[in-house]
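What follows is one structure encoded as structure tokens, with my remarks underneath.
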Amino acid sequence: MPTKEQRAKMTPEQKAEITRKNMIYQKTPKGKKVHTISGWKRRGMICDDYDKVYERYFNSTNCECCGKEYNLNQMDKHMDHCHNTGKFRNILCRNCNQLRGHIDKDYKLIMKLITMC
């Protein structure tokens, strides 16, 4: 991958060729893995072994909370992590991940709702 200075000196054709090669690479299994893990890191997720978590994510077919099967046509698989510490917790469906976020924000309100039922 060229540096910013090297890229500034390139012709539009050279830049287009690098972009084309990157697009091809991102379709390979290794490229998909690197792209996915770098996305997790950009979003602030921290874990001890990203390779192990990626394999767990890749092979996961059901939510680790409710057991619902993931709909692979939609973005239904979510990496649950603490937004304060960044620590990875679970692989959840969209609903469970959102619920977990609300529980973290207002635990007392959730407990009050539970006791009202």
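The values are calculated or read from the model by the stated rules, or taken from the named source; none is laboratory data. What you are looking at is a predicted structure, and each value in this text was computed from that prediction instead of being measured. Methodologically, a virtual Cβ is constructed for each residue, glycine included, from the backbone with ideal geometry; neighbour enumeration extends over all protein chains shown. Remember, those area values only see protein heavy atoms, side chains included, never the ligands or the DNA or RNA. Shrake-Rupley method; radii C 1.70, N 1.55, O 1.52, S 1.80 Å.
Can you report the number of residues in the stretch 69-105 which are acidic (Asp, Glu) and open to solvent by less than 30 Å² (accessible area, probe 1.4 Å)? Let's see the steps before the verdict.
Just the residues of the stretch 69-105 that are acidic (Asp, Glu), to begin with: 69, 76, 80, 104.
Keeping just the survivors that are open to solvent by less than 30 Å² (accessible area, probe 1.4 Å) gives 76, 80.
Counting residues in the stretch 69-105 that are acidic (Asp, Glu) and open to solvent by less than 30 Å² (accessible area, probe 1.4 Å) gives 2.
Are there any pairs, at least 6 apart or on different chains, whose C-beta atoms fall under 8 Å, with the first in the stretch 85-104 and within 17 Å of Thr36 (Cβ to Cβ) and without any contact (Cβ under 8 Å) to a residue 60 or more places away in the chain and the second surrounded by 13 or more Cβ atoms within 10 Å (Cβ to Cβ) and among the hydroxyl-bearing types (Ser, Thr, Tyr), and if so, which?
Partner pairs satisfying both residue conditions: Ile91/Tyr57; Ile91/Ser60.
Just give me the residues in the stretch 17-37 being of a type in the set (A, V, I, L, M) and over 17 Å from Asn59 (Cα atoms), in sequence order. Step through it out loud before you land on a result.
So in the stretch 17-37, the residues of a type in the set (A, V, I, L, M) come out as 18, 23-24, 34, 37.
Those that are of a type in the set (A, V, I, L, M) and over 17 Å from Asn59 (Cα atoms): Ile18, Met23, Ile24.
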